[in-house]
Amino acid sequence: MAQAAYRGVFPVVPTIFDAKGALDLEGQRRAVDCMIDAGSQGLCILANFSEQFVLSDAERELLQDEILGHVAGRVPVIVTTTHFSSRLCAERSRRAQQAGAAMVMIMPPYHGATIRVGEAGVYEFYRQVSEAISIPIMIQDAPVAGTPLPVPLLARMAQEIPNVAYFKIEVPQAASKLRALIEAGGAAIEGPWDGEEAITLLADLDAGATGAMTGGGYPDGIRQITDPYFAGDRAAAVAAYQRWLPLINYENRQAGLLAAKALMLEGGVIRCDAGRHPLAPMHEAVRAGLLEIARGLDPVVLRWGR
């Protein structure tokens, strides 16, 4: 029997460190539990908002196994396995599948500001990864990679590469790209998804998005938008989007990838909200602004550990 398409809110799990910069596995488990209790319909780990770029390979495997084991099937988990090397990305993806991942998310191969591959190389990269696994692949189309992924290429990969089925679109004019991708790829586009902390969520839902991969701080708030939308009540979704947009905007434009951890610290979920050096700590004025907006919305995260 074919797996039903994954839909809904799948936020990114932040990586929890202690004050010395070591992994805090107890805090990591609490963060995951809080996110599930707040209504996450799935989770994504080891993504950029998880600070994957400051982790060693050994730490990635430890976190992958620890989180998947702790989730224990309560919700599906997407594991980010991005690597420039086709071979190593395939190995990471195979290892994630063996550990229990429901899906892998992968950016196109890139390194630094200038090292890229062309469309033929991108196609072959995803084909080789697909041959190594039997779970879905989500292509992350994000500005950080700096790699153009035109709609015809994405649609062709969905139609020709067996496991390429999901697309997280977070480039400028994301809604227009989602709409064009759905039109070009048809049924092969199993999961057209929104990203970038949901700042374009309503437009992306109107374009046909069926999933949202957001920051990890307030999945309950994002579900106040997506649940009524998917139930056919667009007016309620619009009203919820208008309520939550100030917090979404503040996370996206001011607080960045430390936002979820700042909210978790305030709510007693974790003991330290620091990123790993050389990431700068959140400025106290930025933290105050984030918390001021969040308190007015009363997300689960601010009371989960109290």
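The values are calculated or read from the model by the stated rules, or taken from the named source; none is laboratory data. None of the values given here were measured: they were computed from a predicted structure. Cβ placement follows ideal geometry from the backbone for every residue including glycine, while neighbour counts extend to all protein chains displayed.
Among the residues making up the range 167-192, those that are touching a Pro at 6+ places or on another chain (Cβ under 8 Å), within 19 Å of residue 44 (Cβ to Cβ) and among the hydrophobic types (A, V, I, L, M, F, W, C) are 167, 169, 171, 178. Residues of the range 147-160 that are under 18 Å from residue 89 (Cβ atoms) and either surrounded by fewer than 21 Cβ atoms within 10 Å (Cβ to Cβ) or among the charged types (D, E, K, R) (or both): 147, 153. Residues of the range 251-272 being closer than 23 Å to residue 196 by Cβ and touching a Gly at 6+ places or on another chain (Cβ under 6 Å), which ones? If the condition is that a residue be closer than 23 Å to residue 196 by Cβ and touching a Gly at 6+ places or on another chain (Cβ under 6 Å), then 251, 258, 259, 260, 263 are the ones that fit. Check the range 120-133 and report whether any residue there is over 15 Å from residue 60 (Cβ atoms), out of contact with any helix residue (DSSP H, G or I) (no Cβ under 8 Å at 6 or more places or on another chain) and outside any helix (DSSP H, G or I). The answer is no; no qualifying residue exists. A single member of 259, 240, 235 is in a helix (DSSP H, G or I), surrounded by fewer than 20 Cβ atoms within 10 Å (Cβ to Cβ) and at pLDDT 95 or above, and it is 235. Taking the range 194-208 as the range and being surrounded by 24 or more Cβ atoms within 10 Å (Cβ to Cβ) and touching a residue at least 40 places away in the same chain (Cβ under 8 Å) as the test, the residues that pass are 195, 197, 198, 201.
If residue 306 satisfies all but one of (1) in a loop (DSSP other than H, G, I, E, B); (2) at pLDDT 95 or above, what's the number of the condition it fails? Failing condition for residue 306: (2). Here is the figure for the range 77-94: residues that are under 19 Å from the mean Cα position of the chain (by Cα) and either more than 24 Å from residue 144 (Cβ to Cβ) or part of a helix (DSSP H, G or I) (or both) total 3. Within the range 112-146, the residues that satisfy the criterion of being over 18 Å from residue 90 (Cβ atoms), more than 17 Å from the chain's Cα centre (by Cα) and not aliphatic (A, V, I, L, M) are 112, 114, 116, 118, 119, 146. Answer with yes or no whether residue 25 is at pLDDT 95 or above, surrounded by 22 or more Cβ atoms within 10 Å (Cβ to Cβ), farther than 28 Å from residue 201 by Cα and of a type outside the set (Gly, Ala, Ser). So residue 25 does not fit the description; no.
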